[in-house]
Every structure is written in structure tokens, then in C-alpha cells.
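A.B. asks: Quick one: the structure is below, and I'll ask about it shortly.
The values are calculated or read from the model by the stated rules, or taken from the named source; none is laboratory data. Since we're looking at a predicted model, the values are computed, not measured. Neighbour counts are summed over all protein chains in view; Cβ atoms, including those assigned to glycine, are modelled from backbone coordinates with ideal geometry.
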Amino acid sequence: MARKLKGIAAAPGVAIAPVVHFHPTLDHIPTWKVGPDAVEGERQRFASAVQEVTASLVGIQRELASSIGSHEARIYDAQLAILHDQRFGHDVEQEVRQHGVNLEVALQRVIARYEAVFTAMENPAMRERAADLRDIGRQLVGALTATERGKYTANGRDYLFVADEFLPSDAGLLDRDHLRGIVTAHGGKYSHGAILARSMGIPAVVGVEPIVLDSTTGVEAIVDGDAGIVILDPTPEQRAEYERTMRDQRAVERRVAEVRFQPSVTSDGTRVQLQANVEGVRDLDSLETDAISGIGLFRTEFAFMERRQFPTEDEQVAMYRRAMEGAKGKPVTFRTLDVGGDKPLGYFRMPDERNPVLGWRGIRLALDWPDILYTQMRAILRASALGHARILLPMVTTRSEVVRCREVLDQLKADLRANSVPHDREIEFGVMVEVPVLVSVLSDLLPLVDFVSVGTNDLVQYLLAVDRDNQRVAKMYDPFHPGVLRVLQQIAAAATAADKPASICGEIAGDHWFTPLLLGMGFRELSMAPVFLPRVKLMLRSFTLTECADLAARAIACPSTAAVRKLVKEEIEVRWTRLLGAAEERRQ
């Protein structure tokens, strides 16, 4: 009997194959007392285990780099950093020395303490780093106990990986040629396992009901990595439906490849700026600058979060110059430090807040600690001498915040001029629209800025009062809500009236089902994760601007989210399917 299970969509695509269960092999941890004279021996065991696990991880990394690319394989750098962290080694040794326990037990205790710190964080991406710690602990204990995890050969048959969680080291043990999908009872879409699945092009659904672990090995299942659904023992009708979906996806992949480097214009010639969101200089290595009009969002906070202390001005200048060079003359929008709330800094003590997402974060924090803002803005200004840079302020709620930041910028520019330091004297200055109250006063702010960028992830979350990472209410997070569409329309109208460009830099910018609606509202700049660029480009090239305006007006007038989605399905999805079908006929 078919059973449909809901989870979190972690990697896109559809797969149909038999289930194969995987379980940790380190169920038994040996325990014994360690006297003072044996501590050195345990320390030597630890060093040997670290060396063995390092060699294993480097081997997996090199192996995967040849198939998914060296940039994507860098996720193993996080585990290698944990392995060789001096504090980690010191804490493990202290646990052995102070409590007289053997190394295996000491590792368990230290990993558990570290894991508790990460799981308590608000930022879902940081919470998922706890999985890396568990993986390191499992590998070290395996090395210490000489417990080797055997490779799974799959006997040449396709299969679905089903387990409690998918950890990066698992990738080195699987027959990846026949791995068709990944299903886990735990984990999130920001985990390194999920990132790895996306890099390998393997559909994945995580956070599925634990009942999936009780399913029989060998039972056929469907993994829908787009909708976050797993169907155990599907009916013939369900299988046929998803087989059609898989054929359509292959058609999409072929069609989007054809338009990858073609102009971003609607079918009647209206140009749309498609830009990339970048999380750090490492993302620049794989960026296809010929396919984008610029970097619409450079998240500077990730460079801060990876450090043990605040980067100096010169260190920041080097990073921002690297971004400018990577953009090859195209504009780069640097969002100023957006930490606090769900993105804490380990070296900067933040106050305990009952609701940190609504607390001391973004521009609020920077204005209270002006040295942080001065240093970063000055560094961006110095880097702007290499090309077209833009400064974007996050979490803005009042006009006074914009005025104060503009004063800081003008003061820094005057100082650089006085000291003959090269910089772009006409650097653009903008604000993110992500706090709902800003929408109603946007017309008062627009004379102070050169552009606005809509952070739809937070804006939609605040508008709907829904934490999209909370599994209990995540299904209520739907940007197709007509109230959300009307707010977006307000923003676009205000920007157009003030003759200021407005971009979308949240996730809906990369949702091709949303593309005609955003164009119809008046947005002409969309910034997204590079992986979504081809589909969005294909979609916008399939509609005239008049058609987009008509669709947007009808969607905004809808009385419910269901009505909006019905419109999208009947008007946009039908056009998309027809487009792909025509392309396939031409190929044949």
C-alpha cells in the first residue's frame, strides 16, 4: 500500500528506485579507566587517529573533486579544520586527563558538548554544522577501534540511500554510479550532506517521518526532491506520473543548456538583469560571469563567521578586491555585515535575546558599534577603485538609520579624497527591504538611496509570521500568498515612481514559476544562486512583458494562495510544458 511521507526538499530532482537502509556501525564504544601514566599513550592514539581520518577525508575529497568539481568538494575542508583545531585536541586531552576516561569516551563527551553549542544556534546553516562534528566523532572512534566501514557496491543496481542522516564521509562508501536518491529522517537543507547531494545532482529529501527507517529494504520508493515528498511502494499511477516528470526534467536540462549564454530578454525584447548571489570569495571560482550581469548580493558576513576575530581593514580590502576581480568589470553589491539573530560570531559576544531574529542584528548592531561599520565601508570604498561596487544596508527599519549611514559614507569618501586614496566617488548606496514596516515609508527613504534590494526570505517570513525552518509551520510559508504579492507590487511601484532600480535577491528570484509575476510587477533585476539562472532565463524569454503584466495583475487580485497557485499552474506551467515539448519535437 502506497504511503506518502513529507519532509524537507534538500536537493532537486526525482528518483525511483528500491530502498537500501544504512546504519552506523559504531554502536559499541569501549570504556576503561585511564591513569595519569597512560595519558600520553592516549594522546598518541589521538594523533594517529587524526592522521588516519585526515588521509581518508583527503582521499574522498580528491575523488569527488574529479566528478563534482574542486569548489564543491571543499565542504570537506570544514571537517579537516575540526580535526586539526588545536582547541579540539586540547579539550579531548583534558577530558582524558581530568576524568580518567579512555579516548573513545572523551571524544564522545567533547563532541556532545560542541554539538550542543551548534544545535542551540538560531542560524539553520550553523545548526547543521553539528552533523560535521558527529561525522568526525564517528570517523575518529572508528579509527581508534579499527572498525572499518565497508563500501557498498549495490551489485550494479540502482538504489535509494535511506538512513538517519547523510554525512559527508558516507559519500566515500557508496556506489555513486547507481545512487539515485537520498532520504533521511534527520538533517536540514543547509547540512553539508544536503549540499553534497545537490553538488552530485542526487535528489534528496531530509527530515522525513522516522517511519521511513522502518520500511523494508528493497521496497520501491519515489523521491521528489522538489516537493520534499517520499512515496513508499507507489501505485502504478503514481509511478507513471513521476516517470513523466523525470522525462520533463531531462527536457528542461537540455533546453536550459541552450539558453545559458543567450541574452536575458523577454520575447518582446525587454532586458532583465540576472545577477548572482555569492556567499564568499570561494564561490567566485565556479561563477560563469558570461552568464550574469553582475553579483547582486555578496554576503560579507560569511567571511566574518569563518574567522576567529574581526578581519582588519586590509584583510577586508583584499577580499572585496578579489570579488571585484572575479566579477570581471560587472557590478558587485556588497551587503554590509549582517550578523546577529540567526548568524552569530563566535568571537563577538552577543546578548541573550528571547527572539534574536527580531533583535540586535544587521544595521542595528553596526550603528551601535560604528567602528565595525566604518572599517567595512572604508574597505569597500578602497576596493571600489577596481570597478563598479555598490553598498547595501541590511535590516533597515527607519529613515534615520539610512541618514546616519549616508553620513558615514560621505565622511569616509571625503577622508579618502583628502588622502588621495583611489576609490569610486560615485559608488552606489542602497537598502534592503526585508522589514514590512519599511514598505509603508519607502517613498521617504528613496531620495536618500540609489537603489533598493528586496530580501524576500525575511520579508515573507515576517509578513506571514512563519519560521520557514520550523517543520511544524513550514508548510504555511508560501510566497504566493496574495498579501505577499501585493506588498511586492507596492515596493516595485514606489521604486518606479522614484526612478530608482529595485531588485529581488531572495529565494523567489530563483523560482522560475515566480519570474513572470515579478517582471509584471515591474522588477527588472533578479539576483539568485547561480544554479537557478538558466531556468529563470528560459522562463523570461518565453513571455512578453504585456503577458507578464497581465499575469501579475490577475495574481495580485486573487483571493487566496490556492487561487494564485491555480493561476500559475494553468497559465505559467502550461506555457513551460508547451515550450519544452516544442523544443523536444525540434530535436527529433
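A.B. asks: TYR462 fails exactly one of the following numbered conditions: (1) surrounded by 17 or more Cβ atoms within 10 Å (Cβ to Cβ); (2) under 30 Å from GLY187 (Cβ atoms). What is the number of that condition?
C.D. replies: Condition (1) is where TYR462 drops out.
A.B. asks: Among the residues of the stretch 30-37, is any in contact (Cβ under 8 Å) with a residue 40 or more places away in the chain, surrounded by fewer than 18 Cβ atoms within 10 Å (Cβ to Cβ), among the small types (Gly, Ala, Ser) and not in a strand (DSSP E or B)?
C.D. replies: yes
A.B. asks: Of the residues that sit in the stretch 525-560 and are crowded, with 18+ Cβ neighbours inside 10 Å and not hydrophobic (A, V, I, L, M, F, W, C), which one is modelled with the lowest pLDDT?
C.D. replies: PRO530
A.B. asks: Would it be correct to say that SER293 is in a loop (DSSP other than H, G, I, E, B) and under 22 Å from HIS388 (Cα atoms)? Working first, answer last.
C.D. replies: Details: in a loop (DSSP other than H, G, I, E, B): yes; under 22 Å from HIS388 (Cα atoms): yes.
Considered against the rule, which asks whether it is in a loop (DSSP other than H, G, I, E, B) and under 22 Å from HIS388 (Cα atoms), SER293 comes out as yes.
A.B. asks: Report whether or not LYS566 is of a type outside the set (A, V, I, L, M, F, W, C), under 16 Å from SER267 (Cβ atoms), assigned by TED's automatic domain parsing to the domain that holds ILE292 and assigned to a helix (DSSP H, G or I).
C.D. replies: So LYS566 fails the test.
A.B. asks: Specify which of the listed residues (THR561, THR546, THR496, THR577) is among the β-branched types (Val, Ile, Thr) and within 26 Å of the chain's Cα centre (by Cα).
C.D. replies: THR561
A.B. asks: Still on this structure, I have one more. In the stretch 137-232, which strands (runs of 3 or more DSSP E) lie fully inside it and hold 1 or more residues that are out of contact with any Gly (no Cβ under 9 Å at 6 or more places or on another chain) and either assigned by TED's automatic domain parsing to the domain that holds ARG43 or surrounded by fewer than 24 Cβ atoms within 10 Å (Cβ to Cβ) (or both)?
C.D. replies: In the stretch 137-232, the matching strands (runs of 3 or more DSSP E) lie at 159-163, 179-184, 220-224, 229-232.
Residue-by-condition table, conditions (1) closer than 25 Å to ILE202 by Cβ; (2) modelled with pLDDT of 85 or more:
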| position | (1), (2) |
| --- | --- |
| GLY35 | no, yes |
| VAL50 | no, yes |
| SER70 | yes, no |
| ARG74 | yes, no |
| VAL101 | no, yes |
| ARG109 | no, yes |
| ALA112 | no, yes |
| VAL117 | no, no |
| ALA131 | yes, no |
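A.B. asks: Is it true that some residue in the stretch 289-307 is loosely packed, with under 12 Cβ neighbours inside 10 Å and closer than 15 Å to LEU533 by Cα? Before the answer, list the steps.
C.D. replies: The first filter runs over the stretch 289-307 and keeps only residues loosely packed, with under 12 Cβ neighbours inside 10 Å, leaving 290.
Next, only the ones that are closer than 15 Å to LEU533 by Cα stay: 290.
For the stretch 289-307, residues loosely packed, with under 12 Cβ neighbours inside 10 Å and closer than 15 Å to LEU533 by Cα: present.
A.B. asks: Do you know which of the residues in the stretch 191-243 that are β-branched (Val, Ile, Thr) and in contact with a His (Cβ under 8 Å, 6 or more places away or on another chain) is nearest to LYS4 (Cα to Cα)?
C.D. replies: VAL206
A.B. asks: Out of the residues in the stretch 235-246 that are assigned to a helix (DSSP H, G or I) and exposed (fewer than 12 other Cβ atoms within 10 Å of the Cβ), state the one that is nearest to the chain's Cα centre (by Cα).
C.D. replies: Here the residue is ARG244.
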